[in-house]
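Worksheet for the structure shown next.
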Amino acid sequence: MSANLNQTNIEIDDPNFQDVFTNLQGNILKGHGRDHSRHVFFRFIGNSDENCRWVEKFASKITSTLGQEQQTRQYKAGGRHQVFVNLMLSCSGYQALGIKQKYWPQDLAFRSGMKDLQVRYDTVPRGDHQPKSNPLNDDVQQWESAFRSDIDGMILLAYAGDSPSETDQLLADKVTELKNELAGIAEITLVQVGHVMRNDKAQVIEHFGFVDGVSNPKFFFSDLNEEFKNGGYSRNDASASLNTVLVKDPGGDGNSYGTYVTYRKLQQNIKGFWKKLDLLANTLSELGQQKVDAEYAGALCVGRFKDGTPISEQGNDGWSNLFNNFNYDDDVDGLRCPFHAHTRKTNPRGDTVRQFNSPPTIEQSRRIVRRGISFGEKNLAPDSEWTEAGLLFISLQASIVDQFIFMQHTWCNNEGFIRKKTGIDPLVGQLANGETPQPQSWPGKWGNGASKVDFEFSGFVRNLGGEYLFMPSIHFLRHLS
Ligand code: HEM
């Protein structure tokens, strides 16, 4: 019997899901929680039988959803972290394993790979339109060479030891161990080092200095409950059904599910970003009706202040940090949080219902699960632009085309979303080579439409490469031959 993927608010020990969770890789329904990771990209060089034998053996090291839960319980009871392991494959990986096509995951983007800019995606579900090629506006020529060449799969290793040196050593040892066992089977083409950065309140931040990882779909009731403690969920329901992120694994048994993975190495120009924010703040102060600083201008770009406070929320006592319990019902014209702000583009919280009369469930179904991690030194004020700093963006979803690509293409990169002349997402919006972005429109005074200021803000995040992958069920990986 198949599991019911329409379900929300389940619990990890739900008896109906034990077989599914034994087979499902961890880090999907809940983040693995370790602060350090290595992303080991590889390309098979062996024959398909040898490759399969290695994968079947390696599958016993993968952390399942239930395994992750057991590890968390041990850790909370005073134990140590254990190494967390995921394995994901690209479409060429399925080919190199000699898997019959009927067992390949079906998503069109997965099948084509991220480098194929010619394939046409149906990115707008309604109206007259032509399916579009290169919806992300990527320029593969600018990618790092390892991402330009073939990637068959990626192994994610994560750990948090007692000290940074112990963690680094253990993860380096694991990568060496992997390299040795892969001799004659696969070449390691790239290892990306990720680490969680935190502010002085121990909240996770990204390189521009903003709290990150706040809003994510929640699959377990206990995780939703955490959200409840942090401000409630009366104005934003973060619960999500399993089919937001899971699909049936075509190669597994009846209890086998997997997820599609979008991987993008996004470099951040920290110095350039803050310089431009200074300019935006000066322009807003001059032309608007309110004196503002760069931090405020940053909140207009991101949709939240550096400490995570949503810019759309202000009570009698000043800013009220409702954490994630907010929507834009009291800001239908984008005068508090501009329509182009990153969090509003990527989660319009009701805007598409108001603007297009589209059912709330459609907007909800675009949500992605973010499991990315920062790369590069923690230096929030570097001397030069485009340093080795950024985000190893990872999103998980049931459909790459309908979720990640839709979000990036139809929302972030679209100057006409959600209204004409909204402009692109100032953080991650990307136009095609040679196209010049139009200025976005910024509220000159919080909540007041009288003075709007035009100002162009974009270009401080660039993509250095990526791939679409699938994280199969453990059952499938154990029984390849
Ligand atoms: C939220 C930063 C790339 C999708 C956020 C937040 C920050 C942030 C600071 C607010 C905190 C939170 O809710 O977790 C960044 C940076 C990026 C980046 C610095 C690149 C370097 C992307 C991309 C996408 C994306 C490429 C997808 C196309 C989202 C989503 C949210 C979010 C869905 C949650 C919105 C909500 O539910 O309110 N991001 N992000 N981000 N970001 Fe990004």
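The values are calculated or read from the model by the stated rules, or taken from the named source; none is laboratory data. Every value quoted in this text rests on a predicted model; they were computed, and no experiment measured them. Note that each Cβ is placed from the backbone with ideal geometry, even for glycine, and that neighbours are counted across all protein chains shown.
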message = Looking only at residues that are away from the ligand (no atom under 16 Å from the Cβ), of a type outside the set (D, E, K, R) and crowded, with 22+ Cβ neighbours inside 10 Å in segment 233-252, which one is nearest to the chain's Cα centre (by Cα)?
response = Leu246
query = Of the numbered conditions (1) more than 15 Å from the ligand (Cβ to nearest atom); (2) closer than 16 Å to Asn236 by Cα; (3) over 22 Å from the mean Cα position of the chain (by Cα), Ile362 satisfies every one except a single condition; which is it?
reply = (3)
query = Out of segment 334-356, which residues are within 10 Å of the ligand (Cβ to nearest atom) and in contact with a Cys (Cβ under 9 Å, 6 or more places away or on another chain)?
reply = Ala341, His342, Thr343, Arg344, Lys345, Thr346
request  = Please name all residue pairs, on different chains or six or more residues apart, with Cβ atoms under 8 Å, provided the first residue is in segment 287-308 and is closer than 17 Å to Gly444 by Cβ and the second residue is of a type in the set (Phe, Trp, Tyr) and more than 15 Å from the ligand (Cβ to nearest atom).
outcome  = Gly288/Trp442; Gln290/Trp446; Leu300/Trp442
Only one of Pro382, Pro439, Pro443, Pro426 that is touching a Cys at 6+ places or on another chain (Cβ under 6 Å) and closer than 27 Å to Leu277 by Cβ = Pro426
key: Set Leu182, Leu156: member being under 20 Å from the mean Cα position of the chain (by Cα) and modelled with pLDDT of 95 or more   = Leu156
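Yes or no, residue by residue, for (1) more than 24 Å from the chain's Cα centre (by Cα); (2) of a type in the set (Ser, Thr, Tyr); (3) farther than 28 Å from Ile151 by Cβ:
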site	(1), (2), (3)
Asp13	yes, no, yes
Gly31	no, no, no
Arg34	no, no, no
Ile45	yes, no, no
Glu50	yes, no, no
Thr63	no, yes, no
Val85	no, no, no
Ser92	no, yes, no
message = Suppose the filter is in contact with a strand residue (DSSP E or B) (Cβ under 7 Å, 6 or more places away or on another chain) and at positive phi; does Asn9 pass it?
response = yes
Selection from segment 8-29 of residues that are assigned to a strand (DSSP E or B) and more than 12 Å from Glu69 (Cα to Cα) = Ile10
inquiry  = Criterion first (part of a helix (DSSP H, G or I) and within 26 Å of the chain's Cα centre (by Cα)) does Gln68 satisfy it?
reply    = yes
inquiry  = So, Thr176, is that one free of Cβ contacts under 8 Å to residues at least 40 places away in the same chain, more than 30 Å from Gly308 (Cβ to Cβ) and out of contact with any Gly (no Cβ under 7 Å at 6 or more places or on another chain) or not?
reply    = yes
request  = Just one of (1) within 17 Å of the chain's Cα centre (by Cα); (2) buried (at least 17 other Cβ atoms within 10 Å of the Cβ); (3) in contact (Cβ under 8 Å) with a residue 40 or more places away in the chain trips up Leu171, so point out which.
outcome  = (1)
ask   = What are the residue pairs meeting all of these: first residue in segment 208-229, first residue at negative phi, second residue within 16 Å of the ligand (Cβ to nearest atom) and in a helix (DSSP H, G or I), Cβ atoms under 6 Å, and 6 or more apart or on different chains?
value = Phe208/Phe273; Phe210/Val302; Pro217/Thr244; Lys218/Leu224
Residues that are under 16 Å from Leu156 (Cα atoms) and assigned to a helix (DSSP H, G or I), drawn from segment 78-118 = Gly93
request  = Could you list all residues from segment 253-277 that are assigned to a helix (DSSP H, G or I), surrounded by 20 or more Cβ atoms within 10 Å (Cβ to Cβ) and out of contact with any helix residue (DSSP H, G or I) (no Cβ under 9 Å at 6 or more places or on another chain)?
outcome  = Ile270
Among (1) within 15 Å of the ligand (Cβ to nearest atom); (2) surrounded by fewer than 17 Cβ atoms within 10 Å (Cβ to Cβ), the one test that Gln290 misses = (1)
